[in-house]
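Notes follow the structure.
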Amino acid sequence: MTTALITHPECLGHETPPGHPEQVARLEYILAALAEKDLMRVTAPLVAEDDLLRVHPKRQIESIRAAAPATGFAQLDADTWMSPGTLAAAHRAVGGAVRAVDLVLAGEVRNAFVAVRPPGHHAERETTMGFCLFGNVAVAAKHALIHHGIGRIAVVDFDVHHGNGTQDLLEDEPRALFVSSHQFPLWPGTGAADETGPHDTIVNLPLAPGSGGVEFRRAYEDKVFPRVRAFKPDLILVSAGFDAHRDDPLADLRLTTEDFAWVTGRLCDLADDLCGGRILSCLEGGYNLDALAASVAAHVDVLIKRGVA
């Protein structure tokens, strides 16, 4: 068994205006950091229409496609932009997440990291926001449940911002557990602890500004890991945002590279115990380029080690 790295050059074609934090260099730094690692390298396909339609209505998909510019930039909201290469990148980003599910559930790899952009965990059913167009991880979760017929799935999101989009897209699905740890208060302003969803399958863990590894690890040990274990998922998906790093410019948590390696290892422990090691992660945030590259490398190093276990 091994670890898959799923990406596509078209994800570098999603450009944003100068000074925008969700920049092409994010993926360039990540791919450079992973270049020498022992990974099965897989090309992210374009997402199938049926997969997109499982979480977004046709009118939303069509409105995004209609907004795509032939030249320059199109602004979808205060901080979400499209360039001529964005549409292809967004379809590859979702397609890469779906491909990771297929590989892991087929037993072709033990785990996978999906290195794509734009990210997805802020995209709601009919709203693009927070740099996100489509719900990458939510689409992958629905694909696993419906196409592969697995019984239960857990999504764990450790991005510094609340995964409001994933929550919106999965809260009506009783077979999906969604857990988000995030700084609170912080944009987008959602993710309070009392947001539990209609099936009590939403777990939000607000962390106060300035919280570091001690608080983060305690929250996971006390609340995340027991809840995931009790849910008994057949697959674990991770929204892997690295903007909770202490050097990130967009927030005020104080995690280190070692904290990201720790949570990855503990989630792999759960996957080993509950679902035959089946776990995959998809890139979300992280905007200090050096911290992002180092944190992703540490995250993937753990996946590689566990992939050959």
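The values are calculated or read from the model by the stated rules, or taken from the named source; none is laboratory data. As the structure is a computational prediction, the values presented were derived from the model and not from experiment. Positions of Cβ are backbone-derived with ideal geometry, glycine not excepted, and every protein chain shown enters the neighbour counts.
For segment 121-171, residues that are within 12 Å of the chain's Cα centre (by Cα), without any contact (Cβ under 8 Å) to a residue 60 or more places away in the chain and within 13 Å of residue 233 (Cα to Cα) total 0. Can you tell me which of 117, 59 is touching a residue at least 60 places away in the same chain (Cβ under 8 Å) and buried (at least 18 other Cβ atoms within 10 Å of the Cβ)? Only one candidate passes the filter, namely 117. Annotation for segment 125-148: at least one member residue is farther than 30 Å from residue 25 by Cα, among the small types (Gly, Ala, Ser) and at pLDDT 95 or above.
I'd like to know if segment 241-259 contains one or more residues that are closer than 19 Å to residue 150 by Cβ, modelled with pLDDT of 95 or more and out of contact with any Pro (no Cβ under 7 Å at 6 or more places or on another chain). For segment 241-259, residues closer than 19 Å to residue 150 by Cβ, modelled with pLDDT of 95 or more and out of contact with any Pro (no Cβ under 7 Å at 6 or more places or on another chain): absent.
The residues of segment 172-188 that are under 19 Å from the mean Cα position of the chain (by Cα) and either under 22 Å from residue 270 (Cβ atoms) or without any contact (Cβ under 8 Å) to a residue 12 or more places away in the chain (or both), listed by number, are 173, 175, 176, 177, 178, 179, 180, 181, 182.
Condition check ((1) touching a residue at least 40 places away in the same chain (Cβ under 8 Å); (2) of a type outside the set (Lys, Arg); (3) over 19 Å from residue 225 (Cβ atoms)) across all residues:
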residue	(1), (2), (3)
260	yes, yes, no
265	yes, yes, no
270	yes, yes, no
283	yes, yes, yes
287	yes, yes, yes
294	yes, yes, yes
305	no, no, yes
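When you check residue 195 against the structure, is it charged (D, E, K, R) and more than 16 Å from residue 122 (Cβ to Cβ), yes or no? No. Just one of the listed residues (184, 158) is surrounded by 23 or more Cβ atoms within 10 Å (Cβ to Cβ) and of a type in the set (Phe, Trp, Tyr), and it is 158. Of all the numbered requirements in (1) aliphatic (A, V, I, L, M); (2) buried (at least 19 other Cβ atoms within 10 Å of the Cβ); (3) over 22 Å from residue 32 (Cα atoms), residue 303 misses one, and that requirement is (3).
Kindly indicate the residue of segment 62-84 that is under 23 Å from residue 239 (Cβ atoms) and touching a Leu at 6+ places or on another chain (Cβ under 9 Å) and also surrounded by the most Cβ atoms within 10 Å (Cβ to Cβ) among those meeting that condition. Looking at residues that are under 23 Å from residue 239 (Cβ atoms) and touching a Leu at 6+ places or on another chain (Cβ under 9 Å), I get 82.
The set of residues from segment 1-48 being free of Cβ contacts under 8 Å to residues at least 40 places away in the same chain and surrounded by fewer than 17 Cβ atoms within 10 Å (Cβ to Cβ) comprises 9, 18, 19, 28, 35, 36, 41, 43. Do we find a residue being aromatic (Phe, Trp, Tyr), in contact with a His (Cβ under 6 Å, 6 or more places away or on another chain) and either surrounded by fewer than 17 Cβ atoms within 10 Å (Cβ to Cβ) or within 21 Å of residue 121 (Cβ to Cβ) (or both) anywhere in segment 217-239? No, segment 217-239 contains no residue that is aromatic (Phe, Trp, Tyr), in contact with a His (Cβ under 6 Å, 6 or more places away or on another chain) and either surrounded by fewer than 17 Cβ atoms within 10 Å (Cβ to Cβ) or within 21 Å of residue 121 (Cβ to Cβ) (or both). Do we find a residue being surrounded by fewer than 23 Cβ atoms within 10 Å (Cβ to Cβ) and over 28 Å from residue 23 (Cβ atoms) anywhere in segment 161-172? Yes, that holds for at least one residue.
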